[in-house]
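Chemist: So that we are looking at the same thing, I have put the structure below in structure tokens.
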Amino acid sequence: MKRRTRIFNLSRQTIFPYLLVISFMTGSSIVSFAAGNIKTLNVPSDYKTIQSAIDASSSGDTIKVSPGKYKENIILKEGIIIQGSGADAAIIDGGGKGNVVEGAKGAVLEGFTITNSGKRGTTGDVMDVGVSAKHSPMTIANCRITGNNAGIRTYFAPSNIVNNIIADNRVYGLYILYSDSSIKNNIIYNNGSYGIYNSYSNPEVINNTIFKNFDGIYSEISKVVVRSNIIVNNKSGGIRWAESPDAQKGTGFMKGVEPILSYNLVWGNKTNYVNTSPGNGDISKDPMFLDLAKGNAHLKNNSPVINAGSEDTTANDPDTTRNDIGAYGGPLAQNQITVSPKNVSYVSLKIKTETLEEPDYGSQATWSGEEGKKSGKGLFQSWCVSCHGALGKGDGQLADTLGEGIRPRDLSNAELLSARSDEFLFKVIKNGGPAVGFSDAMMSFGSTMGDEEIKNIIAYIRRDICKCQYKGEAGK
């Protein structure tokens, strides 16, 4: 019988600075650094702050961070390795502003708690997050990512997200956009909307434990491998696909957006499967956690997930027995992240350094016939639909996740909109809800869109959503 609290020594997967040559093997290249050029920088003994050590580092260097709380927002450098002394010991606190960590191509981030990002935004690359990988494929491992607006965002950055605890973030746990990321052996729970949100990406979601989010996994316009995960007790859907089963069989742009499911345990969600069905080997049973009420996702010895995951021998657990479903199964089985010496390092994981070319949003957004510029409809679809819904009725995907008693405005309500001036709407969109006494759930878009683009959105709302013009404030 397997024990659920194993600590595994996978030293064959680690790379240490004293080797003659360190090679980062990537999907597109192998980059080597001669040992004589590699430094180890220590915080705070050599450098008082993490950022000052990063600024002094070069690609291939390792930064080791001693226990302590570091109140910083840091920006990584290409190819550096930054290792904390364990998630319980080394804390990076973003001070409630911006992104806590900005990633860099080929960087490795391990062994921290990442917390207290800013609160801006609920979608796209403009929202504040704990770790942002934007055009910067990287590895994020052995971290606790908690108490942020959103946990991790990968944006045109196919990254390794391995062996993390991602919990108690306001909106998303993981936000995957245009990034074929590898998401393995994470524990993802109690995030305000989706445990994993995925769009326009074909990631692998393998051996994770996902519970008590709004939806466990949500995906749109993507083909995703979902294998050997425990997905339980989510408030709405367990596994939700945006496209209907018929649409998943479409052609052209919509071809191949179906999920590839196998060997998952999906149980106790309000709806276990939305727009998809159980895959080969999927089961629906109580996984028998030790104490889920306290966030303890370890399993009892008679759990039905033991030896019930993928039958592929390459997916076997470290003790060579068949894959267990969930974060404690598979070759990268969830390890103790709290104290650095007991951690498994993931420095040697391959990083796909190639990124996708960012779409021409201007040309994509000319759906309303306003050629040569971003149309109001295109911009509305890009930035507003997630909360307000495709028809502006306040029923978008995130409408139920903005906080108790907070709902997006119904922009199709002609009576309401005819009492709001264009200047008022402009101020709301540009400066955010607090500028007019509304909730900060309505984020500001002044740094994302120009004035003319905001005016285009207002024109689209007037013309096609509320079909109304300003008639003066109510009662006047």
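Chemist: Please enumerate the residues belonging to the stretch 136-165 that are among the small types (Gly, Ala, Ser), part of a loop (DSSP other than H, G, I, E, B) and out of contact with any Leu (no Cβ under 7 Å at 6 or more places or on another chain).
Modeler: So in the stretch 136-165, the residues among the small types (Gly, Ala, Ser) come out as 136, 141, 147, 150-151, 157, 159.
Checking the rest, the ones that are also part of a loop (DSSP other than H, G, I, E, B) come to 136, 147, 150-151, 157, 159.
Across the stretch 136-165, the qualifying residues are Ser136, Gly147, Ala150, Ala157, Ser159.
Chemist: Have a look at Gly118, Gly95, Gly106, Gly192 and point out the one that is in contact with a helix residue (DSSP H, G or I) (Cβ under 6 Å, 6 or more places away or on another chain) and either in a loop (DSSP other than H, G, I, E, B) or of a type in the set (Asp, Glu) (or both). Spell out the reasoning first.
Modeler: On the way: Gly118 fails: in contact with a helix residue (DSSP H, G or I) (Cβ under 6 Å, 6 or more places away or on another chain); Gly95 fails: in contact with a helix residue (DSSP H, G or I) (Cβ under 6 Å, 6 or more places away or on another chain); Gly106 fails: in contact with a helix residue (DSSP H, G or I) (Cβ under 6 Å, 6 or more places away or on another chain).
After applying the criteria, what remains is Gly192.
Chemist: Let me ask something additional. Enumerate the pairs (first residue in the stretch 243-261 and assigned by TED's automatic domain parsing to the domain that holds Asn280 and on the phi < 0 side of the Ramachandran plot; second residue anywhere and loosely packed, with under 14 Cβ neighbours inside 10 Å and at pLDDT 75 or above) with beta-carbon separation below 9 Å, excluding pairs fewer than 6 apart on the same chain, so at least 6 apart or on different chains.
Modeler: Cβ pairs passing all conditions: Pro245/Ser277; Glu258/Pro245; Leu261/Ser277; Leu261/Asn280.
Chemist: With respect to the numbered conditions (1) aliphatic (A, V, I, L, M); (2) modelled with pLDDT of 50 or more; (3) outside the structural domain of Thr209 (by TED's automatic domain parsing), which one is the sole condition not fulfilled by Ala56?
Modeler: Failed condition: (3).
Chemist: What are the pairs, 6+ residues apart or on separate chains, where a residue within the stretch 63-80 that is assigned to a loop (DSSP other than H, G, I, E, B) has its Cβ under 9 Å from a residue that is among the aromatic types (Phe, Trp, Tyr)?
Modeler: Listed pairs, sorted by first residue: Gly79/Phe24; Gly79/Phe33.
Chemist: Looking at Asn198, Asn190, can you tell me which residue is touching a residue at least 24 places away in the same chain (Cβ under 8 Å), assigned by TED's automatic domain parsing to the domain that holds Glu78 and surrounded by fewer than 24 Cβ atoms within 10 Å (Cβ to Cβ)?
Modeler: Working: Asn198 fails: surrounded by fewer than 24 Cβ atoms within 10 Å (Cβ to Cβ).
Every option except Asn190 fails the conditions.
Chemist: Could you tell me which of the residues Met442, Met449 is under 30 Å from Gly216 (Cβ atoms) and in a loop (DSSP other than H, G, I, E, B)? Even if it seems obvious, please write down each step before you answer.
Modeler: Numbers: Met449 fails: under 30 Å from Gly216 (Cβ atoms).
Result: Met442 is the single residue among Met442, Met449 that is under 30 Å from Gly216 (Cβ atoms) and in a loop (DSSP other than H, G, I, E, B).
Chemist: Considering each of Thr154, Thr209, Thr146, Thr122 in turn, give the residue that is crowded, with 24+ Cβ neighbours inside 10 Å, under 13 Å from the mean Cα position of the chain (by Cα) and at pLDDT 95 or above. Give the derivation first.
Modeler: Values: Thr209 fails: under 13 Å from the mean Cα position of the chain (by Cα); Thr146 fails: crowded, with 24+ Cβ neighbours inside 10 Å; Thr122 fails: at pLDDT 95 or above.
Thr154 is the lone residue from the list that is crowded, with 24+ Cβ neighbours inside 10 Å, under 13 Å from the mean Cα position of the chain (by Cα) and at pLDDT 95 or above.
Chemist: Thr320: out of contact with any strand residue (DSSP E or B) (no Cβ under 9 Å at 6 or more places or on another chain), under 18 Å from Val225 (Cβ atoms) and without any contact (Cβ under 8 Å) to a residue 12 or more places away in the chain, yes or no? It would help to see each step written out before you state the result.
Modeler: Values: out of contact with any strand residue (DSSP E or B) (no Cβ under 9 Å at 6 or more places or on another chain): yes; under 18 Å from Val225 (Cβ atoms): no; without any contact (Cβ under 8 Å) to a residue 12 or more places away in the chain: yes.
No: the conditions fail for Thr320.
Chemist: Please verify whether the stretch 143-166 includes one or more residues that are out of contact with any strand residue (DSSP E or B) (no Cβ under 8 Å at 6 or more places or on another chain), of a type outside the set (D, E, K, R), without any contact (Cβ under 8 Å) to a residue 40 or more places away in the chain and closer than 26 Å to Val428 by Cβ.
Modeler: Checking the stretch 143-166: at least one residue is out of contact with any strand residue (DSSP E or B) (no Cβ under 8 Å at 6 or more places or on another chain), of a type outside the set (D, E, K, R), without any contact (Cβ under 8 Å) to a residue 40 or more places away in the chain and closer than 26 Å to Val428 by Cβ.
Chemist: Would you be able to say whether some residue in the stretch 165-172 is modelled with pLDDT of 95 or more, touching a Gly at 6+ places or on another chain (Cβ under 7 Å) and among the β-branched types (Val, Ile, Thr)?
Modeler: yes
Chemist: Ok, one more. How about the stretch 128-139: which of its residues are over 16 Å from Ile196 (Cβ atoms) and either surrounded by 21 or more Cβ atoms within 10 Å (Cβ to Cβ) or of a type in the set (Ser, Thr, Tyr) (or both)? Quick ask: steps written out before the conclusion?
Modeler: Here is the first cut: in the stretch 128-139, the residues over 16 Å from Ile196 (Cβ atoms) are 128, 132, 134-139.
Asp128, Ser132, Ser136, Pro137, Met138, Thr139 - these are the residues of the stretch 128-139 that are over 16 Å from Ile196 (Cβ atoms) and either surrounded by 21 or more Cβ atoms within 10 Å (Cβ to Cβ) or of a type in the set (Ser, Thr, Tyr) (or both).
The values are calculated or read from the model by the stated rules, or taken from the named source; none is laboratory data. Values in this document were obtained by computation on a predicted structure and should not be read as measured data. Glycine gets a Cβ as well: all are built from the backbone with ideal geometry, and neighbour counts include every protein chain shown.
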